[in-house]
Amino acid sequence: MSNAASTAPSHGSSRDREIVDAKVIVTSPGRNFVTLKITTRSGVHGIGDATLNGRELAVASYLQDHVLPNLIGRDAGRIEDMWQFLYRGAYWRRGPVTMSAIAAVDVALWDILGKMADMPLYQLLGGRSREGALVYGHANGRDIAEASDAVGRFIEQGFLAVRAQCGVPGVKKAYGISSGKGYEPAESELPAETVWNTARYLDVVPQLFARLRADHGPQVELLHDVHHRLSPIEAARLARSVEPYRLFWLEDATPAENQKGFELIRQHSVTALAVGEVFNSIWDCKHLIENQLIDYIRTTIVHGGGITHLRRLADFAALHQVRTGFHGATDLSPVTMGAALHFDTWVPNFGIQEYMFHTDETDAVFPHDYVLRGGRLHVGDTPGHGVDIDEALAAKYPYAPKQLPVARLEDGAMWDW
Ligand code: CS2
Ligand code: MG
């Protein structure tokens, strides 16, 4: 940039950085995404993801009706001040809707800063700590044999870490099991109803991991997501029963509203624990982290207030030997994936990054420069976070209401999903 022609736009003054346009784009290329696009007077634009699965329009409205009017005329370079303004200034703090909206603004501003500085985001954060971010893929099967085959296919593709879920005998639609072309839980306009049986689940999971170690050996990292289905003592039993198979982590073993539950798991097991994809702020995990009740924190950029807040959370976690393991399901758009990968490339206490393939339609709407190589995702050197939106293409995929499923027990009572 320093030797750019004199006709190149200037970004030096606050007038050049003035936000002149901000808009919310809702698109559904295979699934719904909410994206914020902010443009400065000097013509630089940045984008941020604001997708909250099954509640997309609540965040779109929060941005449209309550945030956008505050952006116009402000200095896009005052990222910290903007974060404080939207967080403290709103009076109503935290919560997934608010924090996703704040994240969208924050990520768009970091994207703009990168473009103005002509630097990739990881460089702005402090530069590379690693060459690529270790990722885990999702292997699902209706039964143990099918799940093991699926793990094998990931290993053949070069994955070094794989999350494994399998059907539970006698349970019709278990969590994480695809109905055919890949796993996308928000499939219907009204929530699909699934039935849950804890006893059968607790029997099958150790058998699954025994088989996976027998079939695939000790090298591959294996992960499992309980999806908040167990009580603390059930979670402790599961964590103990899978110890011989050395899981990389056991995720969301029990709902985290009651954080005491994690002490109970810790008393009984040395299986590594991950939690936090439904958290929105450092305050949601402060107790878990400072008491070393977890090993990986999964809160990611889009639902946790953006890079500005996640940087604080990661630094706090580092003090307690807790590593990052960002959520990365398909409901997090490529914009979040791009931003997360820059963060992963920099953050010293990185653990792993979840990665599910987006559909070709989604990839076309959100052109990006990250690539998967040797089981790791690598960011490019495009200034900013390296992800853009093709607005003309996005307009071809109108919003289609979809909600996440719910779970019930066999007697019909509601259960945790
Ligand atoms: C899951 C997600 O990726 C995960 O670990 O828990 O599939 C989650 O259910 C969805 O992202 C919910 O939107
Ligand atoms: Mg999960």
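Read-outs: derived from the displayed coordinates by stated rules, not from any lab. Predicted model, so just to flag it, every value in this text is computed and none were measured. Because the Cβ atoms are built from the backbone with ideal geometry, glycine has one as well, and the counts that use them run over all protein chains shown.
How many lysine pairs does the chain hold where the Cα atoms are under 19 Å apart and the two sit 8 or more places apart or on different chains?
10
Kindly write out, for segment 300-317 in residue order, the coupling ³J(HN,Hα) from the Karplus curve 6.51 cos²θ - 1.76 cosθ + 1.60 (θ = phi - 60°), rounded to whole Hz, with x marking Gly and Pro.
These are the phi-based 3J(HN,Hα) values: 10, 4, 5, 9, x, x, x, 5, 4, 7, 5, 5, 5, 4, 5, 5, 5, 4 Hz.
Placing +1 at every Lys and Arg Cβ and -1 at every Asp and Glu Cβ, with all other atoms neutral, what dipole size does the chain have around its Cα centre, in debye to the nearest 20?
Computed about the Cα centre, the dipole is about 580 debye.
I'd like the Karplus ³J(HN,Hα) series for segment 372-383: coefficients 6.51, -1.76, 1.60, θ = phi - 60°, whole numbers in Hz, and an x wherever there's a Gly or Pro.
Each residue's phi maps through the Karplus curve to give 8, 8, x, x, 10, 8, 10, 7, x, 10, 4, x Hz.
Can you give the extra length, in nm with one decimal, that the chain gains between A145 and E131 once fully stretched, where that is 0.36 nm per residue apart less the Cα-Cα distance?
Numbers: separation 14, 0.36 × 14 = 5.04 nm, distance 3.47 nm.
That pair, A145 and E131, stretches by 1.6 nm at full extension.
Kindly provide the trypsin sites (Lys or Arg not before Pro) of segment 8-78 that DSSP labels as loop, not H, G, I, E or B, and whose Cβ sees at most 12 other Cβ atoms within 10 Å.
Those that pass, being in a loop and sparsely packed, are R15.
Name the longest site-free stretch of the chain, where the excluded sites are GluC sites (Glu not before Pro) in a DSSP loop with no more than 13 other beta-carbon atoms within 10 Å.
With a cap of 13 other Cβ atoms within 10 Å, the longest stretch comes to 258-409.
Among bridges DSSP assigns within the chain, what percent are antiparallel (round to 5)?
45
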